[in-house]
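The values are calculated or read from the model by the stated rules, or taken from the named source; none is laboratory data. Because the structure is predicted, anything quoted here is derived from the model rather than measured. Note that each Cβ is placed from the backbone with ideal geometry, even for glycine, and that neighbours are counted across all protein chains shown. Heavy atoms of the whole protein, side chains included, go into the accessibility calculation; ligands, DNA and RNA do not. Shrake-Rupley method; radii C 1.70, N 1.55, O 1.52, S 1.80 Å.
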Amino acid sequence: LYLVTLAGASLEKAQAFTSVQDLSRTLLDANAELDANLRRLREAQEEIVQAAKMATVGTLVAGLSHEINNPLSAILGYAHTTLKRIPADDPTRPALLAIQRQARRCADLVSTLLDFSHKRRLELEETTIEDLVRDVAALASLNVRRHDAQLEIDLPPPRTCSVRVSRTQMESALLNLVLNAVDA
């Protein structure tokens, strides 16, 4: 009888041990699932924080762009008015044309920033590689001379190659490449 009692107690303990093992596995699985859910929650929170930062940057860019547009409009207006009044051979004309061209470029950059902040569709325009590169070379010329550097341009034959791009963004990218090369 004693052996039967011991055997019964051992069987009960073995069943209890198996139940504890099953419960332990269930808890481990639940803990792993909880960890995975917490990781996904942290990632989602980081994405929300990043989206909020980008929205704040967009708002800041939009406000700043509007503020910059006001003086640019005045510069463009004065340059245009002055260019209409002075004769074609006036020695200040090239400088005024450069001011007008650069102010328009700034206005285009501001417009690009506004487009970015409002997620507008990018406007592409047809332009020749030749015109694009020549304009960038003209923009970079002062910086190139200041660094006592030389800019060599090897263009395809005139009007043989055209592209459809955001001219302002392409000019900015090419100008950054040239100016970085000059600085290097």
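Quick one: longest stretch of the chain between exposed loop trypsin sites (Lys or Arg not before Pro), exposed meaning at most 15 other C-beta atoms within 10 Å and loop per DSSP?
1-118
If we count GluC sites (Glu not before Pro) as exposed when they sit in a DSSP loop and have at most 16 other beta carbons within 10 Å, what is the longest stretch of the chain that avoids them all? Working shown, then result.
Details: sites that count: E123, E152.
Counting at most 16 other Cβ atoms within 10 Å as exposed, the longest clean stretch of the chain is 1-122.
Please compute, for the alpha-carbon atoms of region 1-65, the extent along each of the three principal axes and give them in descending order in Å.
Each principal axis gives a Cα extent; for region 1-65 these are 94, 8, 5 Å.
When the chain is treated as a GNM, springs tying every alpha-carbon pair under 10 Å, which of T168, T92, T59 comes out with the largest mean-square fluctuation?
Between T168, T92, T59, it is T92 that shows the largest mean-square fluctuation.
To the nearest 20 debye, what charge dipole does the chain have about its Cα centre, counting +1 at the Cβ of each Lys and Arg and -1 at the Cβ of each Asp and Glu?
Magnitude of the dipole: close to 540 debye.
Once the Cα atoms of helix 2-85 and of the chain are each reduced to a long axis, what angle between those two axes, in degrees from 0 to 90 to the nearest 10, is obtained?
10 degrees
For Cα Rg over 2.2 N^0.38 Å, one of [x] 1.36; [y] 2.15; [z] 0.98 was computed from the structure I shared and the rest are decoys. Which label?
Computed from these coordinates, Cα Rg over 2.2 N^0.38 Å corresponds to label [y].
Suppose each label sits 7 Å from its Cα in the direction of the beta carbon; what would the L96-E33 distance come out to in nanometres?
Inter-label distance under the simple model: 7.8 nm.
Could you check the simple spin-label distance between A51 and A138, using points 7 Å along Cα→Cβ, in nm with one decimal?
4.5 nm
When Lys and Arg each count +1 and Asp and Glu each count -1, what net charge do the other residues less than 15 Å away from R101, Cβ to Cβ, add up to? Before the final figure, lay out the partial values.
Numbers: positive: R93, R104, R105, R134, R167; negative: D108, D131, D135, E171.
Here the charged neighbours net out to +1.
Just to be sure I understand the model, the point goes 7 Å from the Cα along the line to the Cβ. What's the resulting L76 to A181 distance in nm?
3.0 nm
Build a GNM of the chain with springs between Cα atoms under 10 Å: which of Q15, Q169, Q150 gets the top mean-square fluctuation?
Between Q15, Q169, Q150, it is Q15 that shows the largest mean-square fluctuation.
Of A7, L76, L41, whose Cα points farthest to the positive end of the dipole of the chain (charges on the beta-carbon: +1 Lys, Arg; -1 Asp, Glu; origin at the Cα centre)?
L76
Ignoring ligands, DNA and RNA, what accessible area per residue does region 10-61 give at 1.4 Å, in Å²?
Working: 4570 Å² over 52 residues.
Per residue, region 10-61 has 88 Å² of solvent-accessible surface.
So how strong a dipole does region 1-74 carry about its Cα centre when Lys and Arg Cβ are +1 and Asp and Glu Cβ are -1, to the nearest 20 debye? Provide the component values of the computation, followed by the final result.
Working: 6 positive and 9 negative charges, 18 e Å.
Magnitude of the dipole: close to 80 debye.
Which Cα, out of T59, P94, H147, lies furthest along the positive dipole direction of the chain (beta carbon charges, K/R +1, D/E -1)?
The Cα lying farthest towards the positive end belongs to P94.
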